[in-house]
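Here's the structure we're looking at; comments come further down.
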Amino acid sequence: MTYLPIVERELRTAGRNWKTYWGRTSAAALTTLLCGFLILATDRLQPSESGRITFLVLASLLALGCLFAGPAVTADCISSEKRDGTLGFLFLTDLRVLDILAGKLAAGSLKVTYSVCAAVPVVALPMLMGGISLGEFARVTFTLAN
């Protein structure tokens, strides 16, 4: 027997969805544009100061995005099934409520996780300019992943 079968199915379905691909691409593009704008806006400063400011702004905006994406994904995970009219069918199966909730939350959080993973390499670009260390970047990355 598969442990949490709905999680496996929902992750496969969400991973193949076109919105997942475009969400990841748009997150990387938006972060790249913002990084370029911040670097150009702080071009009169020393490169290390410019890198530090760029890193702090990008990391703060990503953390804010993660903060607001969590409740949005959680609120929409079951209500989408209710809107589609398929929630009753899920409860007619022999699955437990935990299986259904875990599957829906995993599928919803996949898009957010992919978007953060696409934005993290762009956040690492200011590290090449100096101003932040690998330890600071690793701590921010682990915090965003959390």
All but one of (1) over 16 Å from the mean Cα position of the chain (by Cα); (2) over 24 Å from Phe37 (Cβ atoms); (3) at pLDDT 85 or above hold for Phe142; state the number of the condition that does not hold.
(1)
From the options Leu105, Leu95, residue that is touching a residue at least 24 places away in the same chain (Cβ under 8 Å) and not in a helix (DSSP H, G or I)
Leu95
Would you confirm, using the coordinates I've provided, whether Thr86 is in contact with a Leu (Cβ under 9 Å, 6 or more places away or on another chain), open to solvent by 40 Å² or more (accessible area, probe 1.4 Å) and either without any contact (Cβ under 8 Å) to a residue 12 or more places away in the chain or within 21 Å of Val7 (Cβ to Cβ) (or both)?
no
Touching a residue at least 60 places away in the same chain (Cβ under 8 Å) and out of contact with any Phe, Trp or Tyr (no Cβ under 9 Å at 6 or more places or on another chain): is that true of Ser50 in this structure?
yes
Among the numbered criteria (1) of a type in the set (S, T, N, Q); (2) at pLDDT 85 or above; (3) surrounded by 14 or more Cβ atoms within 10 Å (Cβ to Cβ), which one does Ser60 miss?
(3)
Residues satisfying the stated conditions in the range 6-25, i.e. touching a residue at least 24 places away in the same chain (Cβ under 8 Å), open to solvent by 50 Å² or more (accessible area, probe 1.4 Å) and under 14 Å from the mean Cα position of the chain (by Cα):
Lys19, Arg24, Thr25
Candidate set from the range 26-45 (those that are among the hydroxyl-bearing types (Ser, Thr, Tyr) and over 14 Å from the mean Cα position of the chain (by Cα)); member that is nearest to Ala63 (Cα to Cα)
Thr32
Which one is farthest from Met129 (Cα to Cα), of the residues in the range 32-51 that are part of a helix (DSSP H, G or I) and open to solvent by 80 Å² or more (accessible area, probe 1.4 Å)?
Leu33
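The values are calculated or read from the model by the stated rules, or taken from the named source; none is laboratory data. These numbers come from a predicted model, not from an experiment. With ideal geometry, Cβ positions are generated from the backbone for all residues, glycine too; neighbour counts draw on all protein chains shown. Surface accessibility is based on the protein's heavy atoms, side chains included, excluding ligands, DNA and RNA. Shrake-Rupley method; radii C 1.70, N 1.55, O 1.52, S 1.80 Å.
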